[in-house]
Amino acid sequence: MSEPSESAAAQNAPTEPLRRLVLVAFDEIALKRGQRGRFMQQLRTNIVAQLNCEAKRVVARHGRIEIELGELDANRLGASEEASERPEHDDDSSAAHSSQGSREDEQWRVWSASLRRVFGIKWYALAEAVPLNLEALESAVLRRARNAAAAGVRTFKLEHSRKNKEFPVDSMELNRRVGALVLERLPELRVDVHSPDLLIDVEIRHNEITVFAEKHPGAEGLPVGSTGSALTLLSGGIDSPVAAWYAMKRGLSMDYVHFHSPPYTGLKAEQKARDLVDALNRWSPQPGRLFLVPFARIQEEVADRAPAGYWTIIQRRFMQRIAGRIAEHHRLEALTVGDSIGQVASQTLSNMAAIDVATRHLVLRPLLGFDKDWIIRTAREIGTYEISIRPFEDCCVLFAPQKPAIRCEVVTVEQHEQQLDLEELVQAALEGVQVVTVTGPGGVDRRDERRR
Amino acid sequence: MQSVYLDNNATTPVAPEAVAAIHDCLEHTFGNPSSLHRPGVQADGVLGDARRSLAEQFGVPARDLYFCSGATEANNTVISGVAHAYHARGRHIVTTAVEHPSVIEPLRRLEEEGFTVTYLSPDPVKGLSVEQVRAALRADTILVSIMQVNNETGAVFPVADIARMVKSHCKTAVVHSDGVQGFGKLASPAGALDAYSSSAHKIHGPKGAGALYLRHGVRCRPLLVGGGHETGLRAGTENVPGIAGFAAAAAAAGGKREQDYSRIAAMRSQLVRAVESTGRAVMLSPPDAIATTLAMAFPPIPGEVMVNALSEAGVAVSTGSACAASRNKRSHVLEALGFEQRVIDSSVRFSLSRLNTAAEVESVGEVLAATLKRLRPVAERVLR
């Protein structure tokens with residue numbers, strides 16, 4: 001295996017210093033011509049915040065965002081709880097022999113875990129940038145292929161994109177020459193153009209060539225903060241966190257409101273809401289706030305004055321009113337709820353309509369189109385399911401009637417509400433609101449950034 | 001008001017004597033008791049002192065006391081270990097339906113392996129009689145395991161009498177008692193038994209330390225094997241600081257156990273009077289319950305709501321049973337005692353320790369009255 005020609009290609013090429021970077025590609029953003037610049041800036045800002053790295057490392061260039069790998073700040077490394085989580089196929093450790101290289105590898109692992117949670121990214125990949133010449137390109141491709149072959153890969157395919165039309169070798173010729181070189185040096189590999197084990201991408205740019213082998217799927221959607229802001233009514237169940245997540249995925253920045261009613265609910269139910277917000281904040285560049293609203297008095301009053309069948313709907317209308325006031329005060333544009341039609345008997349259109357008229361705000365129901373199975377699967381993927389199923393109820397059994405009304409007429413509901421001093425109850429609840437900034441691991445810095 | 005801790009059956013605040021012993025041990029005696037050098041010998045000395053001192057509190061020979069992580073481990077060890085050591089002689093075991101899960105669950109496993117277990121149901125008022133146990137004995141009974149004090153109601157079972165009866169009828173059966181709620185509070189019955197479990201953290205010691213008394217000559221297959229620690233019954237380097245803290249806590253409790261007990265009994269009566277003055281409440285503890293435990297129900301207020309409300313007011317107590325709406329099971333103890341569902345769902349347990357004061361109990365009485373005054377009308381209206 002030590003033919004002189006191989007050594008020439010692999011060692012004579014100017015590989016020192018090797019520049020490695022993370023390439024980030026976006027999807028829908030590219031389509032939205034008029035908004036593109038703004039969305040891209042938002043994505044760039046979000047990446048800086050979610051990776052918790054220096055802004056200068058993240059650059060928008062050539063229709064991509066590039067992140068410079070560099071020396072790792074040990075303090076910031078500890079900030080990610082997924083630091084030890086390796087991407088599944090980490091064949092990107094070609095320069096891992098130097099300590100600089102292993103620091104970069106470590107940083108890539110940390111960043112990769114965070115990049116997966118940045119909305120607006122179609123895919124991202126660890127790339128190697130080499131000088132604009134054929135030898136450098138060949139040795140970079142060979143390095144990739146050799147590492148992959150050692151890891152058991154048997155088939156490969158090369159893909160070139162030639163943005164720099166000045167480059168003297170055309171795509172066909174490139175594919176032929178580089179492909180032939182790989183086959184010659186690594187006889188265990190074969191070309192498979194349909195379903196290769198390894199796809200090596202080569203981008204010929206104006207000042208350099210980038211080579212990368214593995215596109216990690218991103219979270220897709222739009223950058224958080226690019227389309228507006230909303231307030232999620234977080235119950236503590238499985239659905240509402242998933243609803244918040246889908247709304248964030250469409251670019252909304254998110255805050256949360258949770259109605260707690262001590263002594264009918266306990267400290268652990270409140271902790272559950274905090275933990276859910278913490279889990280959701282990992283998908284957001286800025287930590288969403290949690291508004292904790294005391295709800296016991298309203299529940300007592302409703303139970304005292306309204307027929308049991310109407311307790312649930314009247315309570316929901318109170319929640320909507322209070323959430324609306326909070327949204328208004330903090331200039332949040334919409335409310336998000338976890339409703340799904342017909343999931344429980346009282347989730348009827350007429351009930352939803354009766355709840356919606358309690359506030360002027362737009363009410364988003366991102367889960368309307370999903371079955372429970374899908375919602376549960378998503379909850380597992382985004383890390384909220386295990387929190388949601390903790391056995392601490394957000395509503396005491398006392399105030400959950402055996403048979404809630406299935407179809408409520410607004411007029412009837414309003415008649416029952418006339419027995420209550422709505423405004424006084426809403427005001428009293430608003431006066432008791434606590435604002436919690438949930439900062440999980442690594443969250444403290446982000447909060448500081450927001451203050452600036 | 002200041003916070004008052006009345007959940008001592010769950011765990012207890014650590015006594016200053018125990019803190020001092022643990023601190024001293026962590027600072028000065030780090031050695032491994034199995035080592036031959038000076039630090040090792042020093043640690044072994046601490047362990048030996050603790051064993052002798054605790055054996056005195058148990059009323060058993062020091063060589064029969066084995067250290068472990070606590071009563072859960074002690075119960076698991078003795079139940080599965082004795083059953084497996086004697087299975088050739090018989091496969092029948094007698095216990096009660098109100099044992100702690102750390103007794104019931106190992107027994108369930110033994111049932112899966114083909115052992116037969118008789119679960120006796122005590123009377124909610126009269127408790128468990130020696131006669132009840134006698135009637136359950138069979139020729140192939142190899143183990144009788146009956147708790148000294150029930151953790152939920154405070155019912156005290158006559159384990160020493162039961163042991164003497166068993167020995168006269170069925171010589172070969174091993175008699176074990178889970179003493180976790182009785183040790184350090186009542187006179188130790190261990191001398192009359194073959195095996196007795198205890199935990200440090202229930203008597204103002206640290207979590208993670210406990211002891212199993214196993215009479216010399218009783219065979220028991222260890223759960224943990226390895227370096228042959230604790231005469232082979234429990235492998236693993238001993239938790240020397242925890243054990244030193246355990247011994248210090250037990251010595252502090254044992255010093256004036258009887259005076260402390262009558263003081264606790266007076267506080268309990270004070271608490272009962274305060275509760276009774278607030279109106280209807282259901283007493284769940286039997287009349288001769290241990291003074292440290294008072295189980296009551298305030299239907300129709302859910303127990304969890306009472307616990308939350310008292311917690312807000314600074315009083316830490318626990319429910320006998322989790323909320324009916326939650327996925328947690330209802331208390332198997334209160335169900336076995338035959339209480340109604342609505343009573344079980346509204347049960348609350350107050351548990352006292354020697355570190356509580358009469359002034360605290362007085363303030364709890366006031367908080368309780370105010371809480372009931374607020375919650376009763378709501379619960380009654382809502383459930384009308």
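The values are calculated or read from the model by the stated rules, or taken from the named source; none is laboratory data. Keep in mind that what you see is a predicted model, and the values were worked out from it rather than measured. Every residue, glycine as well, gets a Cβ built from its backbone with ideal geometry; the counts of neighbours run over all protein chains shown. Note: areas computed on protein heavy atoms with side chains; ligands, DNA, RNA excluded. Shrake-Rupley method; radii C 1.70, N 1.55, O 1.52, S 1.80 Å.
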### Taking the convex hull of Cα positions in the stretch B:76-129, its mean projected area over all directions (nm²)
3.9 nm²
### Query
Which helices, taking whole DSSP H runs in chain B, have alpha carbons extending 24 angstrom or more along the helix axis plus mean Kyte-Doolittle at least 0.0?
B:358-382
### Message
If I take all pairs of Cα atoms in the stretch B:256-382, what percentage of them are more than 17 Å from each other?
### Response
56 percent
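What is the percent of Cα-Cα separations in chain B that go past 41 Å?
In whole percent, the share of Cα-Cα pairs in chain B beyond 41 Å is 15.
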### Message
Please state the shape class of the stretch A:126-204: rounded when a/c is under 1.5, otherwise prolate if a/b exceeds b/c and oblate if not, all from the C-alpha gyration tensor.
### Response
prolate
### Task
Would you give the gap between the C-alpha center of the stretch B:41-70 and the C-alpha center of the stretch B:165-188, rounded to a whole Å?
20 Å
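So which GluC sites (Glu not before Pro) in the stretch A:178-228 are both in a DSSP loop and have at most 13 other Cβ atoms within 10 Å of their Cβ?
Answer by residue number: A:GLU188.
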#### Entry: Accessible surface, per residue, of chain B when the full set of protein chains is kept, probe 1.4 Å, Å²
40 Å²
### Query
From Cα coordinates alone, what are the radius of gyration and Dmax values for the protein assembly as shown in angstrom?
34.2, 104
### Message
Here is the link list: B:LYS126/B:LYS207; A:LYS272/A:LYS372; A:LYS122/A:LYS163. Which ones come out longer than 23 Å on Cα distance?
### Response
B:LYS126/B:LYS207
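Give the percent of DSSP beta bridges with both residues in the stretch B:171-259 that are antiparallel, rounded to the nearest 5.
55 percent
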### Message
Quick check: residue separation of A:LEU368 and A:GLU184 times 0.36 nm, minus the Cα distance between them. What number comes out in nm?
### Response
60.7 nm
### Query
Summed for both chains, how many Å² of accessible area, to the nearest 100, are buried between A and B with a 1.4 Å probe?
1600 Å²
### Task
Could you give log10 I(q)/I(0) at q = 0.09, 0.13, 0.17 Å⁻¹ for the stretch A:228-451, computed by the Debye formula over C-alpha point scatterers of equal weight, without solvent?
-0.33, -0.72, -1.29
### Query
Could you give the distance between the Cα centres of the stretch A:230-249 and the stretch B:139-157, to the whole Å?
49 Å
### Task
Return the FRET efficiency for the residue pair A:ILE341, A:GLU386: r is the Cβ-Cβ distance, R0 is 25 Å, and the value is rounded to the nearest 0.05.
0.40
#### Entry: Near-label residues of the stretch B:203-228 by backbone N, under 11 Å of a point 7 Å along Cα→Cβ of B:SER34
B:225-228
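How high is the FRET efficiency from B:ALA139 to B:GLU113, r the C-beta distance, R0 35 Å, rounded to 0.05?
0.95
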### Message
Given a 1.4 angstrom probe, I'd like the percentage of the accessible area of the protein assembly as shown that is carbon and sulfur, rounded to a whole number.
### Response
51 percent
### Query
Hey, what number do you get for chain B at 222 nm if only DSSP H runs of n ≥ 4 count, each worth -39500 (n - 2.57), divided across all residues, to the nearest 500?
-13500 deg cm²/dmol
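Considering only the protein assembly as shown, what is the antiparallel percent among its DSSP beta bridges, to the nearest 5? All intermediate terms of the calculation are to be shown ahead of the outcome.
Details: 49 of 94 bridges.
If we restrict to bridges inside the protein assembly as shown, about 50 percent are antiparallel.
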